1. Among (1) modelled with pLDDT of 85 or more; (2) within 14 Å of the chain's Cα centre (by Cα), there is one condition Ala123 misses while meeting the rest; what is its number?
2. Taking the residues in the range 5-28 that are among the aliphatic types (A, V, I, L, M) and free of Cβ contacts under 8 Å to residues at least 60 places away in the same chain as candidates, determine which candidate is nearest to Asp72 (Cα to Cα).
3. Search the range 1-43 for residues being at pLDDT below 80 and small (Gly, Ala, Ser), and hand back the single one that is farthest from Leu82 (Cα to Cα).
4. Suppose we filter Val144, Val88 for residues that are outside the structural domain of Gln176 (by TED's automatic domain parsing), aliphatic (A, V, I, L, M) and modelled with pLDDT of 70 or more; which single one remains?
5. In the range 126-142, which residue that is outside any helix (DSSP H, G or I) and not acidic (Asp, Glu) is farthest from the chain's Cα centre (by Cα)?
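The values are calculated or read from the model by the stated rules, or taken from the named source; none is laboratory data. Just so it is clear, the structure is predicted and the values come from calculations on it, not from any experiment. Because the Cβ atoms are built from the backbone with ideal geometry, glycine has one as well, and the counts that use them run over all protein chains shown.
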Amino acid sequence: MVRVPTPDEENAKRIQREREHLVHEKLRIEKALLFTQGIHKRPSLRSWERDLAAVRTGDGRELAHHLRAELDRLRSTARHDLGVYPEVEAERDEAANVDPADETCRKIASPCLIRGVGANFAAVLMREVFYRSFDNRRQLASYVGITPMPYQSHGMDRDRNISRAENPRARTTMIQFAWLWLRYQSGSELAAWFRDRAGTLTGRRRRIAIVAMARKLLTALWRYVKDGVVPAGTDLRGEAPAAA
């Protein structure tokens, strides 16, 4: 059943979505322009003219006139975005701390007690996912878009690739967070499960394994936010590392 967000719930998503937009704009200079020219180091905004004059394309040419002009215009945008970025993060933090007794604020603050979970990850998960109610973990994973799609034909009944038709922001966040979890929570049971499952896998098979890891991690965080059940072996901030 489709649950339409209330105007307040939809409005609360704007802060992290604006932050996401600013991050994408910052990356445009590197990925959309410089990388396509074989340039892998972005000029510093502080020494822009000097750095840009020394830049050469992958085949040794100077920057073309129109490309240089476009980069100069993007620099102006980037400098403006750098000034806006702290304001957006301050607004995000203020919204999360308006009322500590409020359930939404509590749910945003709760994941931040886990080592490796920052304010942005917590805000995205709460505003995009955990503000909804789910009956079970499959509903949760289906909403985020990291559950296999069922396939039935004659006597065949199996799961296919994951669905990508749900919440792309939440899906991207969870897969990124799954990689970070392996770094910051290496002693947890989830990290041990991934090591046992993935082993020395590389390429596509390892990416498939990390999606499965993200699905398990999403369920664990849902139970933590909803019922206070800390994922087994998780290292909390200010505490000694828990045993795996």
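1. That leaves (1) as the condition not met.
2. The qualifying residue nearest to Asp72 (Cα to Cα) is Leu27.
3. Step by step, filter the range 1-43, then rank; the result is Ala12.
4. Details: Val144 fails: outside the structural domain of Gln176 (by TED's automatic domain parsing).
Testing whether each residue is outside the structural domain of Gln176 (by TED's automatic domain parsing), aliphatic (A, V, I, L, M) and modelled with pLDDT of 70 or more leaves just Val88.
5. The first filter runs over the range 126-142 and keeps only residues outside any helix (DSSP H, G or I), leaving 131-136.
So of that shortlist, the ones also not acidic (Asp, Glu) come out as 131-134, 136.
Working: Tyr131: 17, Arg132: 19, Ser133: 21, Phe134: 21, Asn136: 23 Å.
Once the filter is applied, the top-ranked residue is Asn136.
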